[in-house]
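*Asks:* Supplied in structure tokens, the structure appears directly below.
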Amino acid sequence: MTRRDLYLFVLGGTFVGLISFAASGAPFVATPQKVPDELLCLKDITSVQLFFTPVPAALVDAGLHDADVENLARTLVGHEGLEIVEDRHAPSITVSYRVMKDDAVPHALGFATLIEVKQAVRVVRLGEEELQLPTATLLAYGLKPDHAVPKAALVQLEFALRKLIGFVSLASGKEIGA
């Protein structure tokens, strides 16, 4: 590459960069984003029932216990401004875990944290009948050595619950607890 080619290359790159910079500095108007229909079902949830399926034996053997899961979930949901109630008409959140074990990897465990929101809904074509259906499902999964499973499973639970609470906030157009 000759010196002239190098100068042209640098000058051309600078020109393109300046044009890009000037264009990006132009004023713009933010357009309001429409909340996807999948999230609208979470709008204005302020109270929930909270249910737990028993922690699978393989996770218990690794050191994760029902009480750890329940304490974290109750603390986090309550701290984030959702009231935990015993009202069968309130939406429900069920926390459960699934386990995948492979004998080829004897000291590791695959697991998934499942958060499911169920609510009473009506399907137009079915008339006025109210159905209890899952309206939102969050899944976090991992593969960890046995000794790291309890901490990782609780981190996943916190991540999934925070994500759900963020979706409720987004659908509602406000911050939970505000």
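The values are calculated or read from the model by the stated rules, or taken from the named source; none is laboratory data. Note that the structure is a prediction, hence the values are computed from the model and not measured. Reconstructed Cβ throughout: ideal geometry from the backbone, glycine too, with neighbour counts over all protein chains shown.
*Asks:* (1) outside any loop (DSSP other than H, G, I, E, B); (2) of a type in the set (K, R); (3) closer than 29 Å to K174 by Cβ: which one isn't true of R98, the others all being true?
*Replies:* So R98 meets the others, but not (3).
*Asks:* Next question. Which of the residues spanning segment 75-93 are polar (S, T, N, Q) and more than 21 Å from K43 (Cβ to Cβ)?
*Replies:* Initially, segment 75-93 is screened for residues polar (S, T, N, Q), giving 75, 92.
Once the filter is applied, which keeps residues that are polar (S, T, N, Q) and more than 21 Å from K43 (Cβ to Cβ), segment 75-93 yields only T75.
*Asks:* Which of the residues belonging to segment 94-150 are under 22 Å from I45 (Cβ atoms), hydrophobic (A, V, I, L, M, F, W, C) and either touching a Gly at 6+ places or on another chain (Cβ under 9 Å) or in contact (Cβ under 8 Å) with a residue 24 or more places away in the chain (or both)?
*Replies:* V95, L114, I115, V117, A120, V121, A136, L138, L139, A140
*Asks:* Would you be able to say whether some residue in segment 116-135 is at pLDDT below 90, in a loop (DSSP other than H, G, I, E, B) and charged (D, E, K, R)?
*Replies:* Scanning segment 116-135, I find at least one residue that is at pLDDT below 90, in a loop (DSSP other than H, G, I, E, B) and charged (D, E, K, R), so the answer is yes.
*Asks:* Test of understanding: among G110, G173, G177, which residue is surrounded by 14 or more Cβ atoms within 10 Å (Cβ to Cβ) and at pLDDT below 95?
*Replies:* G110
*Asks:* Regarding L64, is this residue touching a residue at least 24 places away in the same chain (Cβ under 8 Å), surrounded by 15 or more Cβ atoms within 10 Å (Cβ to Cβ) and part of a loop (DSSP other than H, G, I, E, B)?
*Replies:* When the stated conditions are applied, L64 passes them.
*Asks:* Which residue is nearest to V155 (Cα to Cα), if the candidates are limited to segment 67-84 and must be surrounded by 14 or more Cβ atoms within 10 Å (Cβ to Cβ) and among the β-branched types (V, I, T)?
*Replies:* Checking each candidate, the answer is V69.
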